[in-house]
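Undergrad: First, the structure itself, so that you have it in front of you.
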Amino acid sequence: MTINLLQGIINKKIDEEYMIRAVIIDDEEKGRKLLINLLENYCDDIEIIATAGSAREGIAVINKNNPDIVFLDIVMPGGDGFSVLDNVEKIDFEVIFTTAYDHYAIKALRFSALDYLLKPINIDELQQAVKKMTTKIHEKKFNRSINNRLEVFLKNRALESDQKKIGLTTQNGILFVFIRDIILCKAEGNYTVFYFTDSRSKELVSKTLKEFDELLSEFNFFRIHRSYLVNLKHIKEYCRNSHDCEVEGDGGYVVLDENIQVPVSRDKKKLLLERFSQPF
């Protein structure tokens, strides 16, 4: 056997080992064909090993083929994309959800730091998502860690609000914390500082306060100031007069657990007092 032929066999073997094995689950044949075309033309590392046109088919295809990544449509007749994840034998793959705009579904995905693509799929966004997933998959091949993001997402769907977790993207990765343990979120430009109940104190997270306001408002978080989002369950006291306060707020201030003082802006004062009249 010549050296060139041997090297060719070795290179082919390496390429096969580094190919990402993908499954596409979408009830629309047109959608499946379009995504196949985009992946074949713009994502060299992806090998499409199977497709499915329903949630039931998707479960069987995943269990049979053991893919590295699943492109999963959310809205399908006979069971949505989430039911697929609820019923597969083992979740040891990454997921990129594909969906037409659905506010509640997208909010749930963002909550657990999961990836999604809006239809019609943009080529640049597809390449970025695949690149990010490819890195994670290669890392997982050497580090057999559990897919925490999917675990958190699936558990959150069945839990009461005070038992739910949120995924926070930090400098070191993704930190999963109980919502009930968040005292306060503070704006820092395009970042947000989270303050927690334990002595770990705080964490810098790479999303804006506006995004967390949208995600956490239904969990008793209230934007009392343009720079502060507080967990109402951790408020100990509201003071109308801020003269003796370490922080100045023209709408007074609140005292949170850990004796953290946070100003209330004038335009939020009335709404906050109205909110205090309701259980939280």
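Read-outs throughout are calculated quantities, based only on the coordinates presented, and are distinct from any laboratory measurement. Treat the numbers as computed from the prediction; the structure is a model and nothing was measured. When we count neighbours, we look across all protein chains shown, and the Cβ atoms used for this are built from the backbone with ideal geometry, even at glycine.
Undergrad: How large is ³J(HN,Hα) for each residue in the range 118-128, as worked out from phi by the Karplus curve 6.51 cos²θ - 1.76 cosθ + 1.60 (θ = phi - 60°), to whole Hz, x for Gly and Pro?
TA: 7, 7, x, 6, 7, 4, 4, 5, 4, 5, 5
Undergrad: Continuing with the same structure: For Lys64 and Asn190, FRET efficiency with R0 = 45 Å and r from the beta-carbon atoms, rounded to 0.05?
TA: For Asn190 and Lys64, the calculated efficiency is 0.55.
Undergrad: Per q in 0.12, 0.15, 0.19, 0.22 1/Å, what log10 I(q)/I(0) does a Debye calculation on the alpha-carbon atoms of the range 162-280 return?
TA: Those come out to -0.40, -0.63, -1.02, -1.34, one per q.
Undergrad: In addition: Set the Förster distance to 22 Å, then compute FRET efficiency between Glu274 and Glu214 from the Cβ-Cβ distance, nearest 0.05. Please list the in-between numbers first.
TA: Values: r = 20 Å, r/R0 = 0.92.
Efficiency for this residue pair is about 0.60.
Undergrad: Taking 0.36 nm per residue of separation and subtracting the Cα-Cα distance, what length does fully extending Asp198 through Arg226 add?
TA: 7.6 nm is the gain from fully extending Asp198 to Arg226.
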